[in-house]
1. What number of residues within the stretch 232-255 are buried (at least 17 other Cβ atoms within 10 Å of the Cβ) and without any contact (Cβ under 8 Å) to a residue 60 or more places away in the chain?
2. Scan the stretch 340-353 and report the pairs whose first residue is within 12 Å of ligand 1 (Cβ to nearest atom) and whose second residue is of a type in the set (Gly, Ala, Ser), with Cβ atoms within less than 8 Å and a gap of 6+ or a chain change.
3. Given the residues Lys129, Lys84, Lys68, which is the only one that is more than 16 Å from ligand 1 (Cβ to nearest atom) and in contact with a strand residue (DSSP E or B) (Cβ under 8 Å, 6 or more places away or on another chain)?
4. Taking interchain pairs and intrachain pairs at least six residues apart, which have beta carbon atoms under 9 angstrom, with the first residue in the stretch 58-80 and within 16 Å of ligand 2 (Cβ to nearest atom) and the second aliphatic (A, V, I, L, M)?
5. If I filter the stretch 211-220 for residues that are aromatic (Phe, Trp, Tyr), under 17 Å from Ser284 (Cβ atoms) and not in a helix (DSSP H, G or I), do I get at least one hit?
6. Go through the stretch 26-57 and count every residue that is touching a strand residue (DSSP E or B) at 6+ places or on another chain (Cβ under 8 Å) and within 16 Å of ligand 2 (Cβ to nearest atom).
7. Based on what the data block shows, is Gly59 on the phi < 0 side of the Ramachandran plot, under 24 Å from the mean Cα position of the chain (by Cα) and surrounded by fewer than 16 Cβ atoms within 10 Å (Cβ to Cβ)?
8. Looking at the stretch 202-210, is at least one residue in a helix (DSSP H, G or I), touching a strand residue (DSSP E or B) at 6+ places or on another chain (Cβ under 8 Å) and among the polar types (S, T, N, Q)?
Amino acid sequence: MLYLYVDSVRLINFRNYMNLNLELNKKVNIFIGKNAQGKTNLLESIYLCSAGKSFRTNGDKDMINIKKNQCYVGAKVFGNHIDKFIEIKLERNKPKRIKINKLELEKNRDLYSGLNVVVFSPEDLRIIKDGPSERRNFIDREISQIKPVYRYNLNRYNKILFQRNNLLKNMRMNKKNKHLIDIFNMQMVKSGSKVIIDRARFVENLALSSRNIHRDITYGKEELFLKYRTNVVERFDDILYIENIEKNFMEKLEKDINNDILKGTTKIGLHRDDIDIFINNMDSKTFASQGQQRTAVLSMKLAEVDIIKEEKEDFPVLLLDDVLSELDKDRRKYLIHTFRDLQTIITSTDIIDLEEFDSLEKKIFCIENGNVNAN
Ligand SMILES: Nc1ncnc2c1ncn2[C@@H]1O[C@H](COP(=O)(O)OP(=O)(O)OP(=O)(O)O)[C@@H](O)[C@H]1O
Ligand SMILES: [Mg+2]
């Protein structure tokens with residue numbers, strides 16, 4: 001197993017950081033700062049070095065300081081046998097540029113192979129509270145971190161879906177394009193089925209691992225249950241084989257075609273997928289308390305840490321954005337215990353109870369208006 005950690009970060013014109021040189025501790029790093037000083041921005045810059053994009057915006061350019069035309073993020077990542085220098089440059093009106101050890105990447109998705117991170121922030125409650133697209137986004141992000149080609153298949157599927165929907169709208173007037181629909185169906189089934197099988201496997205792993213963690217955190221009082229749902233395949237056994245998914249998918253698309261033309265949109269497909277999240281047999285969205293929801297998300301995030309360790313054989317870096325103070329003492333203890341062997345970067349608006357961290361090697365910083373000082 002490879003222990004990976006971010007050794008240093010350099011930011012230029014990144015959000016409210018004009019010029020930052022930061023050296024991090026191998027283990028625990030705690031950043032204390034009032035609201036709007038740059039805590040989440042700092043975590044975002046580290047996430048960017050892992051995923052090649054932000055966890056809170058799809059607009060890369062939002063990360064450039066509003067008064068500037070370009071920004072730079074550099075991170076040195078060290079591990080047992082790894083020495084990686086990740087650099088990202090964003091410019092208005094130009095494509096994003098990423099370099100690893102000074103070599104420019106042709107495609108952003110290659111970046112996924114480097115540093116892995118797991119973020120946990122109050123925003124993550126939306127995974128439970130919001131609609132299906134929030135849950136799909138969550139698993140999409142995590143699966144592409146583990147398996148880069150997943151994002152490629154998903155993007156391809158979405159592109160074809162978009163074209164198919166446009167064609168359906170036209171077909172209300174002009175039905176001649178049936179042969180084109182057949183081509184789109186074939187392409188959608190091909191890339192879409194790969195996405196479905198990856199989603200099903202991931203959610204199964206996540207369900208297994210998060211159920212155990214959740215049971216531990218709640219001292220056996222709560223059972224967390226996750227289940228992947230797709231309108232493409234009904235029988236769970238069929239989701240395990242790509243041929244069965246393809247067959248079901250094609251049959252359903254063909255069967256629904258008249259309805260799709262009428263509505264001008266595609267009903268069957270993974271763009272409608274969802275995940276059931278139940279606690280003690282009750283839908284967590286409607287019945288769980290705020291604290292229970294938070295714990296469920298925490299269990300899912302810690303399960304992700306396990307999955308990354310297992311699949312990538314690397315330790316991920318854990319980013320905790322202002323979540324410690326929201327957990328009760330027992331849950332906090334559990335969390336601190338699990339990150340003993342990871343590099344962890346924690347933010348908080350208040351001084352946190354350091355006794356809980358007892359013997360852990362740690363470094364404490366203050367953030368004020370885009371400046372960081374070691375304490
Ligand atoms: N592109 C940008 N250019 C300049 N400033 C920006 C840009 N994007 C965000 N900011 C500013 O950065 C500041 C810090 O944001 P950040 O989200 O990191 O705060 P925070 O310390 O996490 O606060 P909170 O405790 O409220 O979560 C905000 O005041 C925001 O206006
Ligand atoms: Mg914040």
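1. Going through the stretch 232-255 one residue at a time, the tally reaches 7.
2. Thr347/Gly33; Ser348/Ser325; Thr349/Gly33; Thr349/Ser325; Asp350/Ser325
3. Answer to the check: Lys84.
4. That search, which allows pairs on different chains as well, returns Met63/Leu48; Met63/Val73; Met63/Leu90.
5. no
6. Number of matching residues: 18.
7. Yes; evaluated as a whole, the condition is true for this residue.
8. yes
The values are calculated or read from the model by the stated rules, or taken from the named source; none is laboratory data. It should be emphasised that the depicted structure is a prediction, and the values quoted were computed from it without experimental measurement. Here the Cβ is made from the backbone with ideal geometry for all residues, glycine too, and neighbour counts use every protein chain on show.
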